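Have a look at the structure below before the remarks.
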Amino acid sequence: MSDTQTRDFIRQIIHDDLESGKHSEIVTRFPPEPNGYLHIGHVMSICLNFGVAAETGGRTFLRLDDTNPGRESEEYVDAIKRDVHWLGFDWEDRLTHASDYFEQLYDSACRLIEMGHAYVDSLSADQIREYRGTLTESGRNSPYRDRGVAENLDLFKRMRAGEFADGEHVLRAKIDMASPNMNLRDPALYRIRHIPHQNAGDEWCIYPMYDFAHGLSDAYEHITHSLCTLEFEDHRPLYDWFLDQLEPAHRPRQIEFSRLNLAYAVTSKRKLNALVEEGIVSGWDDPRMPTIAGMRRRGYPVAALREFVTRAGVTKKDKLIEMGVMENCVRETLGDEAERRMAVLKPLKVVLTNYPENKVEMVEAMNHPARPELGTRDMPFSRQLWIEQDDFMEDAPRKFFRLKPGGEVRLRFGYIIRCDEVIKNAAGDVVELRCSYDPDTRSGTGSSDRKVKGTIHWVSCEHAIDASVRLYDRLFTEANPNSVSDIHGVLYPQSLETVNAKLEPALQQLAAGQAVQFERLGYFCPDEKDDSVDARVINRIVTLRDSWAKLEKQAMQQQV
């Protein structure tokens, strides 16, 4: 396949601009607002902006669009920088803020006033909304729209000096109150906010609106290609209007692409913040959240996220990507690299009645079935073992090939055992199995050619490590929770189950961020916040198979 065939439409535009000599260097930017944590949709934008620049030997700015001090914080700034670095990208010396350009933006606003293209409006916020009109009705001019240049300049300077209260005045562009594009109906450029700024401190009490600061900041940084999601397409005429009036030395080109919408997840910062504030999740980094911090804490590898956005593709068409696509990227990445270990999540005791009471032997276990270079480890085998409750059934159907009364299974890397007796408590629950082992059937010895159909995993009771294992699942039962009026009604009650598990001894050395496969169960890693050597807290990253696949396929078909 040729390079041309593999390029998305943005990369093709960039290729053509370089080939034609329109640009000698590509300069992009990733411009998040520091008003929340980054999420899976931002992964697409980060990989695209940093990726297209790196592929062409260009540069990328990380610019914090910090124009709304009431919703921004240093916590969010630090989280953004941490997330971008974790994804493998480096802005080097190109960390900037919209607030770095506040003086230039103020001067630009004064120029618009001097040219008669901006005015100070004294209507209230409710009155401005009323005058703005609707999608089917034109707006009306503000009674303050015809203030003279001198009066507007004087009022604007006094706004900056702090003479007026919040909301007493706003600076608006004078464009067209009858425009079919609502963004061009005399949009606000500046509002008064007597709030300290996380980067600029107390220097300012007026702050530019996002639409005014965004495109001009691109111009100041000589951005060649401003890559935005489709919701900014209707804003492009406004950005162009600012550039037409102010004629900066450099003019960026804005190109829109579709958002990455993930099924069974919300990516609205407002809704994500509500989940945090209401205590539905433990924080922005809760492993059920689609935030980068949450996915990192859960154990998703960087390579899997980058592969996921590659598969999702850069297009102009809005799309809802199945959660299973992302989870399969995680499985494929971890399937190659994660070593195997044994753990029992819901323990049931097995006593091997014919195994010597004080005997402990070591069995050799492979660390990865397809990568012999990762070696082996020794696992202790003893008289008392833990197995999974689900691996035993008292009244088993004919095709149940795990343990049942009178039935036999092989213990992984160990022996064939037979269930001889079932022990129950007063409530009738099975609490112990009395079994016998065949000493001639140890794996790898070749001393017996006896075969059984089932193989199960186990952990020695005497040597097991206790752990709290968190079994994470999807947060919502609805494929597109953004389509419902109240997301509380589609929360999945079983999105988190915590079990007291038994781990093989080798897992005592499992490091933070190190993923392993618990054989037959899924991929797991230590929780980066709550885990310790003395009190293991383990997160399930993803199951071995997609149990939601059929349901998700039906839901996605309904979306189409």
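The values are calculated or read from the model by the stated rules, or taken from the named source; none is laboratory data. The structure presented is a predicted model; accordingly, all values stated were derived computationally and were not measured. Don't worry about glycine lacking a Cβ; one is built from the backbone with ideal geometry, like all the others, and counts go over all protein chains shown.
Over 23 Å from the mean Cα position of the chain (by Cα) and in the same structural domain as ARG82 (by TED's automatic domain parsing): which single residue out of GLU33, GLU55 fits that description?
GLU55
If you check ARG71 against the conditions, is it closer than 21 Å to THR291 by Cβ and either at pLDDT below 95 or β-branched (Val, Ile, Thr) (or both)?
yes
When you scan the range 1-119 for helices (runs of 4 or more DSSP H) that lie fully inside it, which ones turn up with 1 or more residues that are buried (at least 18 other Cβ atoms within 10 Å of the Cβ)?
Per the criteria, 9-20, 40-55, 74-86, 102-114.
Specify the residue that is surrounded by the most Cβ atoms within 10 Å (Cβ to Cβ); the eligible residues are those in the range 374-400 that are in a helix (DSSP H, G or I) and within 33 Å of the chain's Cα centre (by Cα).
LEU374
Taking the range 123-145 as the region of interest, how many residues are of a type in the set (D, E, K, R) and either touching a residue at least 24 places away in the same chain (Cβ under 8 Å) or surrounded by 17 or more Cβ atoms within 10 Å (Cβ to Cβ) (or both)?
The qualifying residues number 3.
Name the residues in the range 538-547 that are over 17 Å from ALA293 (Cβ atoms) and either aliphatic (A, V, I, L, M) or part of a loop (DSSP other than H, G, I, E, B) (or both), would you?
Correct list: ILE538, VAL542, LEU544, ARG545, ASP546, SER547.
Which of (1) surrounded by fewer than 22 Cβ atoms within 10 Å (Cβ to Cβ); (2) part of a strand (DSSP E or B); (3) touching a residue at least 40 places away in the same chain (Cβ under 8 Å) does LEU189 not meet, given it meets every other one?
(1)
Does LYS453 satisfy the criteria of being more than 25 Å from the chain's Cα centre (by Cα), within 23 Å of ASP546 (Cβ to Cβ) and outside the structural domain of ILE280 (by TED's automatic domain parsing)?
no
When both residues are 6+ apart or on different chains and their Cβ atoms are under 7 Å apart, which pairs have a first residue that lies in the range 307-326 and is more than 16 Å from SER483 (Cβ to Cβ), and a second that is of a type in the set (Lys, Arg)?
VAL325/ARG311
Any chance the range 252-260 includes a residue that's under 28 Å from GLY70 (Cβ atoms) and assigned to a helix (DSSP H, G or I)?
No, the range 252-260 contains no residue that is under 28 Å from GLY70 (Cβ atoms) and assigned to a helix (DSSP H, G or I).
Got a number for residues in the range 528-555 being surrounded by fewer than 17 Cβ atoms within 10 Å (Cβ to Cβ), closer than 16 Å to GLN494 by Cβ and at pLDDT 90 or above?
Residues in the range 528-555 being surrounded by fewer than 17 Cβ atoms within 10 Å (Cβ to Cβ), closer than 16 Å to GLN494 by Cβ and at pLDDT 90 or above: 1 in total.
Find the residue count for the range 157-173, including only residues that are more than 18 Å from TYR210 (Cα to Cα) and in contact (Cβ under 8 Å) with a residue 60 or more places away in the chain.
0
Of all residues in the range 401-420, count the ones that are of a type outside the set (Asp, Glu) and not in a loop (DSSP other than H, G, I, E, B).
8
Kindly evaluate PHE232 against the criterion of being out of contact with any Lys or Arg (no Cβ under 8 Å at 6 or more places or on another chain), under 24 Å from ILE26 (Cβ atoms) and either aromatic (Phe, Trp, Tyr) or assigned by TED's automatic domain parsing to the domain that holds THR315 (or both).
For PHE232, the condition - out of contact with any Lys or Arg (no Cβ under 8 Å at 6 or more places or on another chain), under 24 Å from ILE26 (Cβ atoms) and either aromatic (Phe, Trp, Tyr) or assigned by TED's automatic domain parsing to the domain that holds THR315 (or both) - is met.
Would you point out the residue of the range 485-516, among those that are among the aliphatic types (A, V, I, L, M) and farther than 30 Å from GLU278 by Cα, that is farthest from the chain's Cα centre (by Cα)?
It comes out as ALA506.
Answer yes or no as to whether ASN183 is in the same structural domain as ALA54 (by TED's automatic domain parsing), surrounded by fewer than 21 Cβ atoms within 10 Å (Cβ to Cβ), among the polar types (S, T, N, Q) and part of a helix (DSSP H, G or I).
yes
Quick one: in the range 205-258, which of the residues that are touching a His at 6+ places or on another chain (Cβ under 6 Å) and among the polar types (S, T, N, Q) is surrounded by the fewest Cβ atoms within 10 Å (Cβ to Cβ)?
GLN245
Among the residues that make up the range 67-82, is at least one of them among the small types (Gly, Ala, Ser), in contact (Cβ under 8 Å) with a residue 24 or more places away in the chain, more than 30 Å from GLY167 (Cβ to Cβ) and touching a Lys or Arg at 6+ places or on another chain (Cβ under 7 Å)?
No - not one qualifying residue is present in the range 67-82.
Identify, from the list ARG94, ARG111, the residue that is touching a Ser or Thr at 6+ places or on another chain (Cβ under 8 Å) and either at pLDDT 95 or above or closer than 22 Å to LEU230 by Cβ (or both).
ARG94
If you go through the range 267-288 one residue at a time, do you hit one that is touching a His at 6+ places or on another chain (Cβ under 6 Å) and either at pLDDT below 95 or β-branched (Val, Ile, Thr) (or both)?
Yes, that holds for at least one residue.
Are any residues in the range 291-304 surrounded by 20 or more Cβ atoms within 10 Å (Cβ to Cβ) and either closer than 18 Å to ARG331 by Cα or not assigned by TED's automatic domain parsing to the domain that holds GLU332 (or both), and if so, which ones?
Correct list: ILE292, GLY294, MET295, ARG296, ARG297, ARG298, GLY299, TYR300, PRO301, ALA304.
Do we have ARG470 as closer than 30 Å to ASP378 by Cβ, within 34 Å of the chain's Cα centre (by Cα) and surrounded by 17 or more Cβ atoms within 10 Å (Cβ to Cβ) here?
Against the criterion (closer than 30 Å to ASP378 by Cβ, within 34 Å of the chain's Cα centre (by Cα) and surrounded by 17 or more Cβ atoms within 10 Å (Cβ to Cβ)), ARG470 qualifies.
For the range 327-367, give me every one of the strands (runs of 3 or more DSSP E) that falls completely inside it and has 2 or more residues that are more than 28 Å from the chain's Cα centre (by Cα) and under 24 Å from ASN500 (Cβ atoms).
Answer list for the range 327-367: 347-352.
Just name the residue that is modelled with the lowest pLDDT out of those in the range 473-510 that are surrounded by 13 or more Cβ atoms within 10 Å (Cβ to Cβ) and part of a helix (DSSP H, G or I).
Selected residue: ASN482.
Given the conditions (1) acidic (Asp, Glu); (2) in contact with a Leu (Cβ under 7 Å, 6 or more places away or on another chain); (3) surrounded by 15 or more Cβ atoms within 10 Å (Cβ to Cβ), which single one is not true for ASP318?
(3)
Could you please find all residues in the range 270-283 being part of a helix (DSSP H, G or I) and either in contact with a Phe, Trp or Tyr (Cβ under 8 Å, 6 or more places away or on another chain) or surrounded by fewer than 18 Cβ atoms within 10 Å (Cβ to Cβ) (or both)?
ARG270, LYS271, LEU272, ASN273, ALA274, VAL276, GLU277
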